[in-house]
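What follows is a short report on a single structure.
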Amino acid sequence: MKNNAKKITIPRSIGYGLTDIMGGGAFTIISAWLLYYYTTFVGLTPVEGASIIAIARIVDAIVSLAIGSITDNFYKYKIGRKFGRRRFFLLIGAPLMFTYILLWVTGMNYWYYLVSYLLFEIVMALVLIPWETLPSEMTKDFNGRTKLSTARMFLSSLGVFLATFIPGRLIAFFGEDNGYAYFINAVIFAIIFAICIFISYKVTWEKQLSPEEEREWINRSKTSERKGAKELLAAFSETVKAYISTLKIRSFRKHLMIYLFSYTAKDVFNAVFVYFCVFALSISSSVAGNMLSLSIIGIPITIVAGFLMIKIGPNSLYKVSYSLMIMCLAAFYAVYVIKPDSMIMYIFIISAIYQIGRAILDFTPWNVFPFIPDIDEIVTQQRREGVFAAVMTFTRKSTVALATFFVGIILQFGGYTAGATTQTPQAVQTIVYTMVIGSTLLLIAALAVVFTFKLNKNTHQILVAEIDRLKNNGSKREVDPETKAVVEDLTGYKYEDVWKETKGNSIKSACG
């Protein structure tokens, strides 16, 4: 677990970011195609298909909380010290990516699809939660973390493009009514995912511990292993309290709301867009895939967003993103109502602009996330990247599960008939209003929170400088007014209530 003062170079940033080809690609394929696949090729009703996604993600969300805590404490085991408390899970996750293929086998029953999807969701969490903590492990520098996160989102955009482009080509080749295209697509992506995750394992590193910190951590861990059932129950209780305590950090609460509202809006759009194209606009699913593949625009946009993240901060990026997407949703509705002669051309133009906003939406929250543990550190004197990553994953998967389930319910009770080539006017209107109104309201909610979010490069630098001053035995009484105001605004705590001395903080700060 030694970093040996390694630098955050572009090649290393790319190697780290490769895992998000899986993160962005798998989530995109699942959100855009899985419900449509269930209702078209498997014969499940919208509620049955949506319930599989919802149940699996809720169970996975609970499991994700445990994974976050496990990775934070995995260093106490020899295998964690050898392979890394975070990176070990990348090593075992690479071959487990082949469970993705199980989702796309036709001719099975409801329970098969539920179990196979649940298995893959857990495998993804096993990889993504520890992987998401690595920027905070690898460097404290704002620009270094931004470089890692920019590479991550660049490659996520590539994953999103591949996840929309390749299925469209396979559907066009095998035919609109052939489910085999989805199986071949799964095989291709399982291989890509496994290779990318293994490369990330090879090029990343974790926080270096001094020999004294290693000995203290190991001794403390051995003591904890001898605890009885009562002590273990108390430890579990403390873990739950740790998760809840993250919500006391004001910036994290706001970051979480922005993240959940905006990503859920994107999920609602993805879940309904193919239905919108096929049944509301009478466009084939392969052409719908071509429109989704305009996500390739996100690749250069991510580079621009990385530059703007440093220059203008996350708030401005959020505002640009959400405004573009809301305008595009209104334009989609206008095309549905008017049905102009050159409808496909208009839809492609609108889709291209939408993908610009979507790329910025994907980019910004995970570029903000590595700085949240710094805000927590000045309150708790701990490094809890795993806890925060687990809470984000838990809440994200819980809300997207509920959103997907409600989309399935709305479609079914709106008159959608599984397997039918045409739908009733009522069902078509349900599809249109779900995509346009549902996504728009969620984006507006996210935008409202953005106006109160204060974390940026300047406030983060002030915060980190204050942490360093306090670590070097600086007096809290000597804090300057600007720093005090920034700390209070970011944390939601009075300055007098942060950086309180507690037993054992030195080793916690080093080990998370």
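Things to note:
- Elements of type helices (runs of 4 or more DSSP H) contained in the stretch 85-181, each with 3 or more residues being farther than 27 Å from TYR201 by Cβ and among the acidic types (Asp, Glu): none
- Some residue of the stretch 385-402 being charged (D, E, K, R), touching a Pro at 6+ places or on another chain (Cβ under 7 Å), surrounded by 22 or more Cβ atoms within 10 Å (Cβ to Cβ) and not in a helix (DSSP H, G or I): no
- Number of positions in the stretch 111-151 that are without any contact (Cβ under 8 Å) to a residue 24 or more places away in the chain and surrounded by fewer than 20 Cβ atoms within 10 Å (Cβ to Cβ): 4
- VAL379 being at pLDDT 90 or above, surrounded by fewer than 20 Cβ atoms within 10 Å (Cβ to Cβ) and in a helix (DSSP H, G or I): yes
- Residues of the stretch 35-81 satisfying the condition of being aromatic (Phe, Trp, Tyr), assigned to a helix (DSSP H, G or I) and closer than 30 Å to GLU238 by Cα: PHE74, TYR75
- Residues being loosely packed, with under 14 Cβ neighbours inside 10 Å, free of Cβ contacts under 8 Å to residues at least 24 places away in the same chain and not in a helix (DSSP H, G or I) - total across the stretch 452-474: 2
- Residues in the stretch 182-209 that are over 22 Å from the mean Cα position of the chain (by Cα), under 24 Å from GLY17 (Cβ atoms), not polar (S, T, N, Q) and not in a helix (DSSP H, G or I): LYS207 only.
- Test: residue in the stretch 371-386 that is touching a His at 6+ places or on another chain (Cβ under 7 Å) and of a type in the set (Phe, Trp, Tyr): yes
- Hey, ILE62 touching a residue at least 24 places away in the same chain (Cβ under 8 Å), touching a helix residue (DSSP H, G or I) at 6+ places or on another chain (Cβ under 9 Å) and closer than 21 Å to PHE189 by Cα or not: no
- No other residue among LEU65, LEU102 is more than 24 Å from SER136 (Cα to Cα), out of contact with any strand residue (DSSP E or B) (no Cβ under 9 Å at 6 or more places or on another chain) and not aromatic (Phe, Trp, Tyr) apart from LEU102.
- Test set (1) surrounded by fewer than 19 Cβ atoms within 10 Å (Cβ to Cβ); (2) free of Cβ contacts under 8 Å to residues at least 40 places away in the same chain; (3) under 30 Å from ILE299 (Cβ atoms) - LYS82 fails condition number: (3)
- Condition check for ARG145: within 19 Å of PHE27 (Cα to Cα), modelled with pLDDT under 90 and basic (Lys, Arg): no
- Residues satisfying the stated conditions in the stretch 9-24, i.e. modelled with pLDDT of 85 or more and either within 16 Å of MET153 (Cβ to Cβ) or of a type in the set (Lys, Arg) (or both): ILE10, ARG12, SER13, ILE14, GLY15, TYR16, GLY17, LEU18, THR19, ASP20, ILE21, MET22
- Selected residue (only one of ILE296, ILE283 is β-branched (Val, Ile, Thr), in contact (Cβ under 8 Å) with a residue 60 or more places away in the chain and part of a helix (DSSP H, G or I)): ILE296
- Some residue of the stretch 430-451 being surrounded by fewer than 18 Cβ atoms within 10 Å (Cβ to Cβ) and assigned to a loop (DSSP other than H, G, I, E, B): yes
- Being among the aliphatic types (A, V, I, L, M), touching a Lys or Arg at 6+ places or on another chain (Cβ under 9 Å) and either at pLDDT below 85 or farther than 22 Å from GLY408 by Cα (or both) holds for only one residue in ALA61, ALA5, ALA94, ALA32, and it is ALA61.
- Filter pass, PHE27 being aromatic (Phe, Trp, Tyr), modelled with pLDDT of 85 or more and assigned to a helix (DSSP H, G or I): no
- The C-beta contact set for the stretch 363-386 (first residue of a type in the set (Lys, Arg), second residue modelled with pLDDT under 85 and part of a helix (DSSP H, G or I), distance under 6 angstrom, 6+ apart or interchain) comprises ARG383/SER509.
The values are calculated or read from the model by the stated rules, or taken from the named source; none is laboratory data. The shown structure was predicted, so the numbers you read here are calculated from the model rather than taken from an experiment. Methodologically, a virtual Cβ is constructed for each residue, glycine included, from the backbone with ideal geometry; neighbour enumeration extends over all protein chains shown.
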